[in-house]
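Here is the structure we will look at.
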Amino acid sequence: MSPSEFVAALRGLSHRYWGTHPFHRRMHDGELSEHELKIWAANRWYYQCVLPQKDAAIISNCPVPEVRREWLDRIVYHDGTEAGDGGTERWLRLCTAVGLDREEVLDQRHVAPGARFAVDAYVNFARTKPWLEAVASGLTEMFAGHLMQRRVADMLANYPWIAPDDLAYFTNRIDKVSGEGKGTLDIVVRHAVTREQQEKAIAALSFKTDVLWSLLDAIERAAAKE
Ligand SMILES: O=C(O)c1cc(C(=O)O)c2c(n1)C(=O)C(=O)c1cc(C(=O)O)[nH]c1-2
């Protein structure tokens, strides 16, 4: 495939992205109960927690210095440079805003088995697949910017107990992915040069959309149980 055909094939997976999942739709429409929002935040905590390990796995498998250098930033972004800083901490702030205690988030008591399985599959993918496929699986970022922008506006409009500062996780992340995953896409296009590598990259992104979809399925199910 030419680079433009390849990029079009990757973007063509947008319909599988979790933006259209019924649980996200209900969230955006203001239909989630306080309980459902709590279960969502507590389960997504598990995803947020493992992202640095996923990114470290990619770095450990990657022999290309410039890719490692670029990727390192992601670990620092989530973990911060000191305790109390970074994306993970901003997610905890959102958790407390929706009414969770830090302790019940940190001890993962609300994490549903299916959510754990989906997220663990993503980390295992990064640990066991060639680094380029693992990088390509992060390309859901191409679709995330718009969704997060809508999420901030819709959550502020629909859930009056959530204040703008509580959504710092998303506003900060929107800035980070404002290039719509451009850096990641550049790496994938530069390094996936054979048809086989391109097809593996497309399959990796498809796998990741399944991970996110399954995570929300598990959240939806867990949240339905009062
Ligand atoms: O809120 C969202 O809809 C959303 C989606 C995604 C994504 O599409 O993978 C990520 C994030 N947020 C996010 O905050 C984040 O840090 C992140 C890292 C990754 C990744 O695969 O490395 N995806 C995402």
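Read the figures in this text as sums done on the coordinates, not as results from a lab. Treat the numbers as computed from the prediction; the structure is a model and nothing was measured. Virtual Cβ from ideal backbone geometry, glycine too; neighbours counted across all protein chains shown.
Mean sequence separation of contacting Cα pairs (under 8 Å, at least six apart), scaled by the length of the chain, corresponds to a relative contact order of 34 percent. The count of lysine pairs in the chain whose Cα atoms are under 21 Å apart, excluding pairs fewer than 8 places apart on the same chain, comes to 12. For the chain, the longest principal axis of the alpha carbon atoms and the long axis of helix 87-97 meet at an angle near 20°. Among the GluC sites (Glu not before Pro) within the range 54-110, those in coil by DSSP and having at most 12 neighbouring Cβ atoms inside 10 Å are GLU82. For a paramagnetic label modelled on SER2 (point 7 Å from Cα along Cα→Cβ), amide N atoms under 15 Å away are absent within the range 189-224. The mean sequence distance of close C-alpha pairs (under 8 Å, at least 6 residues apart), as a share of the length of the range 109-226, puts its relative contact order at 48 percent. Panel order for ILE58, ILE174, by other beta carbons found within 10 Å of each beta carbon, from fewest to most: ILE174, ILE58. Within the chain, the longest run free of exposed loop sites, counting trypsin sites (Lys or Arg not before Pro) that sit outside DSSP helix and strand states (H, G, I, E, B) and have at most 16 other Cβ atoms within 10 Å, spans 110-224.
In order along the range 198-212, phi translates into HN-Hα couplings of 5, 5, 5, 5, 5, 5, 5, 5, 5, 4, 5, 5, 5, 4, 5 Hz, rounded to whole numbers, per the Karplus curve 6.51 cos²θ - 1.76 cosθ + 1.60 with θ = phi - 60° and x for Gly and Pro. Per residue, the convex hull around the alpha carbon atoms of the range 87-152 comes to 120 Å³. Shown for HIS191, HIS35, HIS110: other C-beta atoms within 10 Å of each C-beta, ranked fewest to most, produce the order HIS35, HIS191, HIS110.
Once C-alpha pairs closer than 8 Å and six or more residues apart are averaged by separation and normalised to the residue number of the range 72-140, the relative contact order reads 12 percent. When the chymotrypsin sites (Phe, Trp or Tyr not before Pro) in the range 104-207 are filtered for DSSP coil states and for at most 11 other beta-carbon atoms within 10 Å of their beta-carbon, the remaining sites are TRP161.
The Cα atoms of the range 178-226 cover 50, 27, 8 Å along the three principal axes, with the biggest extent listed first. Exposure proxy ranking for GLU31, GLU220, based on other Cβ atoms within 10 angstrom of each Cβ and starting from the fewest, stands as GLU31, GLU220.
Shown here: the chain, whose C-alpha atoms stretch 50, 37, 31 Å along the first, second and third principal axes, sorted largest to smallest.
The per residue volume of the convex hull around the alpha-carbon atoms of the range 92-221 is 114 Å³. For the range 163-170, the Karplus equation 6.51 cos²θ - 1.76 cosθ + 1.60, evaluated at θ = phi - 60°, returns couplings of 9, x, 5, 5, 9, 4, 3, 6 Hz by residue, with Gly and Pro reported as x.
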